[in-house]
Amino acid sequence: MEIWKICILFFCAFLGGAAIFLVKSDKSKLLKLILSFSGAYLFAITVLHLIPDAYSGPDKGEIGIFILVGFLLQVFLEQFSEGVEHGHIHKHHDGNVFPFGIMISLCLHAFLEGMPLAKDQHNELIFGIALHHIPAAFALASILMQNHFKKQSIFLYLILFAIMAPLGFYVSLGLSNGTIGGVEAYFNKIMGIVIGIFLHISTTILFESSADHKINTRKMIAVLLGIGVALIGFFAGGH
């Protein structure tokens, strides 16, 4: 993978979290629009690119099982992450107690998302991961700030989160090259798990980020833009 793609994965997550120090007022409406765009884009690339690719392999009969596993895994992870993956920010009043559940589940989530990139380095997948890590990192930084962590500590934890997707890529690359032990046959299954995770996150963003499940004009525009960008990439890629 080109170094610029690794940089996109890292810096979108890191700068998305670091932006918490630049926000001087309530930007919840803007964050919801960004979430709507990223959720629609994530859902669209999953349907247009990831699902067809996953079902193109010899083990396509089993892919549905792994999509369900990924979906249920995300349900399980959110019991600890409290929905930070899709930008939910919950107020914590525990002093400077470190939110281990949130941090561990976020890192595992990002690591798994980076793994399929070793085989299928689609720009759409890279941008999809990078996009939805922005609000996740912002929410993580917000929680750490509410728990009165120092700025240096927040930056350290943001760096840890930001390196997880690139780390997942490099571990997966080592596996596929036989450096760690060849598991080429499992790539589509890993992709199935990531698809399940993406389906859960994207649909949760689209349905939960609106009061009474009603979509206003600005959110509809953001959703259509997200789908439109994914469609442009789809047709530009020769489909």
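Since every read-out is calculated from the coordinates, none of them should be taken as a lab result. Every value quoted in this text rests on a predicted model; they were computed, and no experiment measured them. For neighbour counting, all protein chains shown are included, and Cβ atoms are generated from backbone atoms with ideal geometry for every residue, glycine included.
If packing is taken as the average count of other Cβ atoms within 10 Å, what order do 125-138, 219-232, 104-117 fall into, highest mean first?
Top of the packing list down: 125-138, 104-117, 219-232.
In whole Hz, what ³J(HN,Hα) sequence does region 58-70 give by Karplus (6.51, -1.76, 1.60; θ = phi - 60°), x for Gly and Pro?
Working through the residues one at a time gives x, 9, 4, x, 9, 4, x, 4, 6, 5, 5, 4, x Hz.
What order, most packed first, do the peptides 7-16, 161-170, 144-153 have when packing is the mean number of other Cβ atoms within 10 Å of each residue?
161-170, 7-16, 144-153
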